[in-house]
1. Among the residues of region A:142-171, write down those that are part of a strand (DSSP E or B), more than 13 Å from chain B (Cβ to nearest Cβ) and over 23 Å from A:Ile58 (Cβ atoms).
2. Considering region B:186-208 alone, what residues qualify as being within 12 Å of another protein chain (Cβ to nearest Cβ), under 22 Å from B:Tyr108 (Cβ atoms) and assigned to a loop (DSSP other than H, G, I, E, B)?
3. With more than 11 Å from every other protein chain (Cβ to nearest Cβ), surrounded by 15 or more Cβ atoms within 10 Å (Cβ to Cβ), outside any strand (DSSP E or B) and modelled with pLDDT under 95 as the only criterion, which of A:Met175, A:Met139 stands out?
4. Condition test on A:Gly231, is it among the small types (Gly, Ala, Ser), modelled with pLDDT under 85 and within 21 Å of the chain's Cα centre (by Cα)?
5. What is the residue count in region B:154-171 for residues that are surrounded by fewer than 17 Cβ atoms within 10 Å (Cβ to Cβ) and in contact with a Phe, Trp or Tyr (Cβ under 6 Å, 6 or more places away or on another chain)?
6. When region A:136-166 is examined, which residues are found to be of a type outside the set (Asp, Glu) and free of Cβ contacts under 8 Å to residues at least 60 places away in the same chain?
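The values are calculated or read from the model by the stated rules, or taken from the named source; none is laboratory data. Small disclaimer: the values here were computed from a predicted structure and weren't measured. Backbone-built Cβ (ideal geometry, glycine too); neighbour counts: all protein chains shown.
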Number of protein chains: 2
Amino acid sequence: MTTQHTPYTIGHAPSQTKHHEWRTASNSAAHLLPHLQKALTSNPNLNLLDIGCGPGTISASLAQHLLPSGHVLATDIADDVLSRAKEHAISQGLSVPGNISFQKASVYELPFSDNEFDIVHAHQVLCHLDDPVSAVKEMLRVCKPGGLISLRESDMRMWCFWPELPSLLKFHDLMVEVMLANGGQDKGGRKLVSWIMDAGVDRKDIEAGFGTWCYRVEEMVKGWEEWIERGEATLGIVNGEVIVRKAQA
Amino acid sequence: MTTQHTPYTIGHAPSQTKHHEWRTASNSAAHLLPHLQKALTSNPNLNLLDIGCGPGTISASLAQHLLPSGHVLATDIADDVLSRAKEHAISQGLSVPGNISFQKASVYELPFSDNEFDIVHAHQVLCHLDDPVSAVKEMLRVCKPGGLISLRESDMRMWCFWPELPSLLKFHDLMVEVMLANGGQDKGGRKLVSWIMDAGVDRKDIEAGFGTWCYRVEEMVKGWEEWIERGEATLGIVNGEVIVRKAQA
């Protein structure tokens with residue numbers, strides 16, 4: 001198992017973190033929610049591991065879905081976002097560590113026992129890694145037999161812009177180059193099923209789909225002004241989404 | 001207004017029509033369904049125009065959502081698919097013409113009065129046209145003020161395959177070339193908002209998003225055998241989706 005980890009291409013600039021804070025379970029883990037509801041009916045004490053939680057808005061949102069007696073353990077490789085994520089959870093009325101707790105961890109070496117979590121969730125994490133298959137193996141290790149692993153990864157080659165201003169296309173090409181130079185992945189969305197099978201999972205235990213984000217003018221980061229001024233400005237981002245059921249031992 | 005129409009790139013080969021018959025309102029017009037439910041509560045006699053209905057499985061499915069007293073009028077430029085669509089509707093237990101009726105029509109010159117329909121729906125139609133803006137204007141003409149226009153268009157440049165076998169990528173490039181040579185559109189998904197604004201609609205009256213189809217092995221057409229044999233084979237298709245509310249006069 002490798003212990004190296006890929007530089008986080010996106011960084012934690014305030015503008016980027018603000019964008020990430022827009023994320024909730026509804027807009028970013030919709031493929032998981034029906035499974036969560038179903039699992040809760042047989043086990044109200046679900047424990048969910050959220051890997052690479054960033055500012056933690058999805059983590060907090062998932063913790064709210066697990067109330068009153070489930071629990072989320074949110075991890076990240078970066079200390080500073082973990083403390084921000086903790087503040088966010090408290091601001092949402094969650095009890096720390098009753099409903100949600102936070103811990104620094106590398107996805108390549110999760111400091112947890114085998115078969116510990118009912119659900120393992122990671123959102124836009126594998127695309128930042130140089131070895132996504134090892135990360136999936138590690139997720140499988142800490143997931144209980146019969147438990148679920150929920151993944152959602154952007155496919156940078158499927159972003160689409162309209163209008164296609166040259167400066168914007170250049171910016172996107174640069175983003176992809178930097179992502180690849182950092183050892184990350186540009187086609188995570190379409191490769192998800194392949195990575196999971198390479199980690200040893202049978203295709204029948206994988207439920208795969210694609211989800212999208214669609215942005216309008218107001219949601220775009222500063223610096224895209226020319227594009228923003230166009231009323232028809234549209235940005236589509238396609239994310240691969242999978243639910244994996246860990247086989248019974 | 002132009003009367004020419006673009007050759008229908010996909011054709012009506014049995015394999016292709018079979019794929020189209022897989023389509024229902026749930027998997028192909030999910031963005032419209034909540035609006036339909038809401039509109040039905042104030043008007044149970046909704047009349048919906050479905051343009052370019054093809055084998056009519058979405059039309060029949062929409063007619064079932066409008067039961068008992070709404071009505072779908074399904075149109076297509078091709079006679080042969082219209083008769084197949086009628087047979088399909090009858091096989092689904094619908095009354096023709098009570099619940100659904102069929103009529104040959106060009107989207108460029110709809111044989112209907114102004115302000116005639118509560119809802120105008122077209123699925124994968126604009127991408128086959130050389131002048132989508134004129135088509136949208138014609139849809140707006142026949143839609144009642146305050147009524148809805150529902151569109152969903154694939155973006156061929158956002159298809160993604162994994163594994164990326166050269167033969168498959170070549171096949172996709174060829175599909176795009178033929179589509180363009182026939183006067184159709186390769187980026188319909190991302191251009192939808194732009195086309196509708198060019199037809200005179202204000203951005204505030206447009207609700208835009210993207211939806212996807214995700215295919216597995218069993219769903220692929222014959223001839224893609226090499227690709228099909230790979231368990232991880234994944235095809236994602238991204239569709240732009242919009243709901244337009246026609247402004248009150």
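1. Of the residues in region A:142-171, the ones part of a strand (DSSP E or B) are A:143-154, A:160-162.
Filter once more, keeping what is more than 13 Å from chain B (Cβ to nearest Cβ): A:143-151.
Answer for region A:142-171, where residues must be part of a strand (DSSP E or B), more than 13 Å from chain B (Cβ to nearest Cβ) and over 23 Å from A:Ile58 (Cβ atoms): A:Pro145, A:Gly146.
2. Of the residues in region B:186-208, the ones within 12 Å of another protein chain (Cβ to nearest Cβ) are B:186-199, B:201-208.
Okay, now just the ones that are also under 22 Å from B:Tyr108 (Cβ atoms), so B:186-189, B:191-199, B:201, B:206.
Hits for region B:186-208 are B:Asp186, B:Lys187, B:Ala199, B:Val201.
3. Details: A:Met139 fails: modelled with pLDDT under 95.
Of the residues listed, the single one that is more than 11 Å from every other protein chain (Cβ to nearest Cβ), surrounded by 15 or more Cβ atoms within 10 Å (Cβ to Cβ), outside any strand (DSSP E or B) and modelled with pLDDT under 95 is A:Met175.
4. Values: among the small types (Gly, Ala, Ser): yes; modelled with pLDDT under 85: yes; within 21 Å of the chain's Cα centre (by Cα): no.
The answer is no for A:Gly231.
5. 1
6. Restricting attention to region A:136-166, the residues satisfying the condition of being of a type outside the set (Asp, Glu) are A:136-137, A:139-152, A:154, A:156-163, A:165-166.
Matches in region A:136-166: A:Arg141, A:Met156, A:Arg157, A:Pro166.
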